[in-house]
Amino acid sequence: MDELTQMKCEACHAGAPKVTAEEVEIYRRQVPNWVIIERDNVQRLERVYKFKDFVAALSFTQKVGRLAEDEGHHPALLTEWGSVGVAWWTHKIHGLHRNDFIMAAKTDEIYHDFAAS
Ligand SMILES: C[C@H](O)[C@H](O)[C@H]1CNC2=NC(N)=NC(=O)C2=N1
């Protein structure tokens, strides 16, 4: 299994297939801190990251935003004092695509680098 962090998002179209249950089981091993939650009949990957204050949370938010722009795939972000909630799903297919797992893995990388800095 290739590393999700080494992959690039593919351009997604309305007819793109959602990930299969088998793919979910494989991919989720690389993003163990994320949960799959269904909201409004849409499955999404969600994780809440903790920070020392609002400035740190906002800085992380900006880094994730830059990643999203670079990849052309965008999250829902809830930035609060001390935490950032991140949700990934693919709007066009109203569910989860490999892109979402790639982005969750890359979001974890940003947090790891951030926490280490
Ligand atoms: C035109 C633009 O590339 C598309 O609308 C992209 C933008 N970012 C996106 N982000 C996500 N999460 N899902 C999408 O379907 C999506 N589509």
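The values are calculated or read from the model by the stated rules, or taken from the named source; none is laboratory data. In this text, all values refer to a predicted model and were calculated from it rather than measured experimentally. Note: ideal-geometry Cβ built from the backbone for every residue, glycine included; neighbour counts use all protein chains shown. Surface areas here come from the heavy atoms of the whole protein model, side chains and all, with no ligands, DNA or RNA. Shrake-Rupley method; radii C 1.70, N 1.55, O 1.52, S 1.80 Å.
With contacts taken as Cα pairs under 8 Å and at least 6 residues apart, the chain reaches a relative contact order of 35 percent.
Averaged per residue, what accessible surface does the stretch 67-117 expose to a 1.4 Å probe, in Å²? Let's see the in-between values first.
Numbers: 2270 Å² over 51 residues.
Accessible surface, normalised per residue, equals 44 Å².
Mind checking which of GLY65, GLY15, GLY82 has the largest fluctuation in a GNM of the chain, springs on alpha carbons under 10 Å? For the chain, modelled as a Gaussian network with Cα springs under 10 Å, the answer is GLY15. For the set TYR49, TYR111, solvent exposure ranked by accessible area (probe 1.4 Å, protein chains only) runs largest to smallest as TYR111, TYR49. Among residues other than ARG44 with Cβ under 15 Å from its Cβ, the summed charge is +2 (Lys and Arg +1, Asp and Glu -1). Here, the chain has an Rg and a Dmax of 13.7, 42 Å when only alpha carbons are counted. Ignoring ligands, DNA and RNA, please state the percent of accessible area on the stretch 19-116 from carbon and sulfur, probe 1.4 Å. Using a 1.4 Å probe with all protein chains present, the stretch 19-116 comes out at 52 percent carbon and sulfur.
Is there a quick way to get the dipole size of the stretch 1-112? I mean about its Cα centre, with the Cβ of Lys and Arg at +1 and of Asp and Glu at -1; what is the value in debye to the nearest 20? The partial results should precede the final answer.
Values: 14 positive and 17 negative charges, 38 e Å.
So the dipole magnitude of the stretch 1-112 works out to roughly 180 debye.
Near ILE110: Cβ cut-off under 15 Å, other residues only, Lys/Arg at +1 and Asp/Glu at -1. The net charge is -1. The GNM of the chain, with springs linking C-alpha atoms under 10 angstrom apart, assigns the highest mean-square fluctuation among VAL42, VAL64, VAL86 to VAL42.
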